[in-house]
Amino acid sequence: MFKKVLIANRGEIAIRIMRACRELDINTVAVYSEADKNALFAKYADEAYYIGPSPASESYLNMDRILEVAHETGSEAIHPGYGFLAENPVFARRCTKEGVTFIGPDASAIESMGSKIASKETMRAAGLPVVPGSNESISDVGKAADIAQSIGYPVIVKSSAGGGGIGMKVVRKKEELEHAIESTRRVAKSAFGDSTVFIEKYLEEPRHIEFQILADTIGNTIHVCERECSIQRRHQKLIEESPSPVMTPELRERMGNDAIKAAKAINYTNAGTVEFLYSKGDYYFLEMNTRLQVEHPITEVVTGISLVKEQLRIASGEGLNHKQEDIQQRGWAIECRINAEDPLNNFTPSPGKLRRYRSPGGPGVRVDSGVHTGYTITPFYDSLISKLTVWGENRDEAINRMKRALYEYIIVGVTTNIPFHKAVMNNEYFRRGELTTHFIDDHNIIADVAKVVEADKEKGATLASAIGADDKKVAAITAAVGAYMQGAKAVGKDDHKR
């Protein structure tokens, strides 16, 4: 096992990795930018080193500086977390060349899944079902129209190189196709430096279901069951759960076996995720994420397996600790991503200083976070405040526990998406497990969010009045806690007086 590991990331995921390292008696090295010089993760590590200005391009994407720190500190391995350099084959290859273990798959596996067109062809050859569409780059509108006609409208135009739904365009008729191709090519070039686009059949009621994969370097590959990630905004996940409400033992076996088949097709090692779209009884390979996922805690909660520890063990050359028959799900887990963003303003980021911060607790609650009172959510990186994961004996208990936990948050200084999560937890379709990736629009969730915000403001005003404040204090307290507090039961009375 490694004696020292450098974590080439920040925030909650850096702390998550450091915690696993400490439990394995591994020393940790943090790297931080100017914006993160006082961040919790930098203080939590055994050693911390400045690597550059706040923009990620000058710090967390600075391969030269990160590798320099690794050599200076005697770090044997680098864990990239997710984002930044996690799926960068150039960085993975440089680590190997310079004698530092990259905790993840090798560069060739990352490259093979980096192109959506190439990855689809690889998986089709491996026998996995893929969404009907073009098998190559599309630039000629006439050819695109022929393909769209053959698979049937609606279709979706996607970037081959990118992710996160950036630039995707749904096309419902031929007249819209040329504009969609030009628009997606333009966005893809700007965002990823690659204007390659392709066309797929657009599934009307898809569910996003992914399977966690673990593969060691001596030929063992298993899946660690599924996560459902259908609640999304702009193709970005917001709420995940495990198991999936639609899953059956038979379907899990089929999809899990296909996920293993996908990993073996590219000689994959370490942790990864095979993502599928499920629609009306059928499922299709979507893509493979060659890294640890943001939503990995729900898998850890329902299986009891530390995915980060497994990553470290695999990277150090050890075999898997578990066999497929050992993997079992117990109970139900749900994760909500708590972001500094305004759901009533198209989820626009809301950077700022956290004047008060307190997270939930109690039975069955896990919070992964890297923030604290006085911490500043900067515009340089994503707006994630924390990941709130709850566990219940069944789905109903997990939903009710999530509702309780959401009302225990105290976050003052930035707008958050907590009202959005409350609205979803209360939605009758969500409670019945009737999910699709279009859930937010199909059920007009934003209108429900507005109602939640108003209701919480009223509770805040009642709370302020109840503690005997004058009118000015009532207004101040209402503004500060109204959106997030259920009442005096949620926190102590002294907390409100502050």
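The values are calculated or read from the model by the stated rules, or taken from the named source; none is laboratory data. Here the structure is a predicted model, which means the values were calculated and not measured. We place every Cβ from the backbone using ideal geometry, glycine too, and count neighbours over all the protein chains shown.
Residues of the stretch 353-398 that are more than 16 Å from Ile338 (Cα to Cα) and crowded, with 16+ Cβ neighbours inside 10 Å: Gly364, Phe380, Trp391, Gly392, Arg395, Ala398. Taken over the stretch 259-318, the criterion of being part of a loop (DSSP other than H, G, I, E, B) and in contact with a helix residue (DSSP H, G or I) (Cβ under 8 Å, 6 or more places away or on another chain) is satisfied by Ile266, Asn267, Tyr268, Thr269, Thr290, Leu292, Val294, Ile305, Ser306. Residues that are buried (at least 17 other Cβ atoms within 10 Å of the Cβ) and either among the aliphatic types (A, V, I, L, M) or at pLDDT below 95 (or both) number at least 3 in the following helices (runs of 4 or more DSSP H) confined to the stretch 415-498: 418-426, 445-466, 471-481.
Is it true that Glu87 is in a loop (DSSP other than H, G, I, E, B), among the acidic types (Asp, Glu), at pLDDT 90 or above and under 30 Å from Ala30 (Cα atoms)? The answer is yes for Glu87.
Scanning the stretch 201-214 for residues that are crowded, with 23+ Cβ neighbours inside 10 Å and under 15 Å from Tyr283 (Cβ atoms) returns Arg207, Ile209, Glu210, Phe211.
If you go through the stretch 32-47 and pick out every residue that is over 23 Å from Ile314 (Cβ atoms), without any contact (Cβ under 8 Å) to a residue 40 or more places away in the chain and buried (at least 19 other Cβ atoms within 10 Å of the Cβ), you end up with 3.
For the stretch 260-282, a residue qualifies if it is at pLDDT below 95 and basic (Lys, Arg), and exactly one does: Lys280. In the stretch 400-414, the qualifying residues are those that are assigned to a helix (DSSP H, G or I) and not small (Gly, Ala, Ser), and the one that is surrounded by the fewest Cβ atoms within 10 Å (Cβ to Cβ) is Asn400.
Here Thr217 meets each of (1) more than 22 Å from Tyr284 (Cβ to Cβ); (2) assigned to a loop (DSSP other than H, G, I, E, B); (3) free of Cβ contacts under 8 Å to residues at least 40 places away in the same chain with one exception, condition (3).
Only one of the listed residues (Asn257, Asn321) is at pLDDT 95 or above, at negative phi and surrounded by fewer than 22 Cβ atoms within 10 Å (Cβ to Cβ). That residue is Asn257.
Using the structure shown, decide if Arg233 is within 19 Å of the chain's Cα centre (by Cα), modelled with pLDDT under 95 and not aromatic (Phe, Trp, Tyr). Here the answer is yes, as Arg233 does meet what is asked. Sub-6 Å Cβ pairs linking a first residue in the stretch 127-154 that is part of a loop (DSSP other than H, G, I, E, B) to a second residue that is crowded, with 16+ Cβ neighbours inside 10 Å and of a type in the set (S, T, N, Q), at least 6 apart or interchain, are Ser137/Thr196, ordered by first then second residue. Evaluating Gly193 against the criteria (1) modelled with pLDDT of 90 or more; (2) out of contact with any helix residue (DSSP H, G or I) (no Cβ under 8 Å at 6 or more places or on another chain); (3) of a type outside the set (A, V, I, L, M) leaves one unmet condition, (1). Would the stretch 59-69 turn up any residue that is surrounded by 16 or more Cβ atoms within 10 Å (Cβ to Cβ), assigned to a loop (DSSP other than H, G, I, E, B) and touching a Pro at 6+ places or on another chain (Cβ under 8 Å)? Taking every residue of the stretch 59-69 in turn, at least one turns out to be surrounded by 16 or more Cβ atoms within 10 Å (Cβ to Cβ), assigned to a loop (DSSP other than H, G, I, E, B) and touching a Pro at 6+ places or on another chain (Cβ under 8 Å).
Quick one: would you say Val308 is of a type in the set (A, V, I, L, M, F, W, C), out of contact with any His (no Cβ under 6 Å at 6 or more places or on another chain), buried (at least 23 other Cβ atoms within 10 Å of the Cβ) and assigned by TED's automatic domain parsing to the domain that holds Ile222? Spelling it out, Val308 is indeed of a type in the set (A, V, I, L, M, F, W, C), out of contact with any His (no Cβ under 6 Å at 6 or more places or on another chain), buried (at least 23 other Cβ atoms within 10 Å of the Cβ) and assigned by TED's automatic domain parsing to the domain that holds Ile222.
Reported count of residues in the stretch 24-42, each being more than 24 Å from the chain's Cα centre (by Cα) and part of a helix (DSSP H, G or I), is 1.
What are the residues in the stretch 361-391 that are part of a strand (DSSP E or B), closer than 20 Å to Val294 by Cβ and not aliphatic (A, V, I, L, M), if any? Listed by number, the residues that qualify are Arg366, Asp368, Ser369, Ser386, Lys387, Thr389, Trp391.
Considered as a group, the residues in the stretch 6-29 that are among the basic types (Lys, Arg) and crowded, with 23+ Cβ neighbours inside 10 Å include one that is nearest to Ala86 (Cα to Cα), and that residue is Arg10. Scanning the stretch 173-194 for residues that are over 25 Å from the mean Cα position of the chain (by Cα) and not charged (D, E, K, R), we see that the one that is nearest to Ser57 (Cα to Cα) is Ser183.
Comparison of Gly74, Gly104, Gly114 shows that the only residue that is out of contact with any His (no Cβ under 9 Å at 6 or more places or on another chain) and under 21 Å from Glu275 (Cα atoms) is Gly114. For the stretch 224-249, give me each residue that is under 24 Å from Thr269 (Cα atoms) and either buried (at least 24 other Cβ atoms within 10 Å of the Cβ) or without any contact (Cβ under 8 Å) to a residue 12 or more places away in the chain (or both). Hits for the stretch 224-249 are Val224, Glu226, Arg227, Glu228, Cys229, Ser242.
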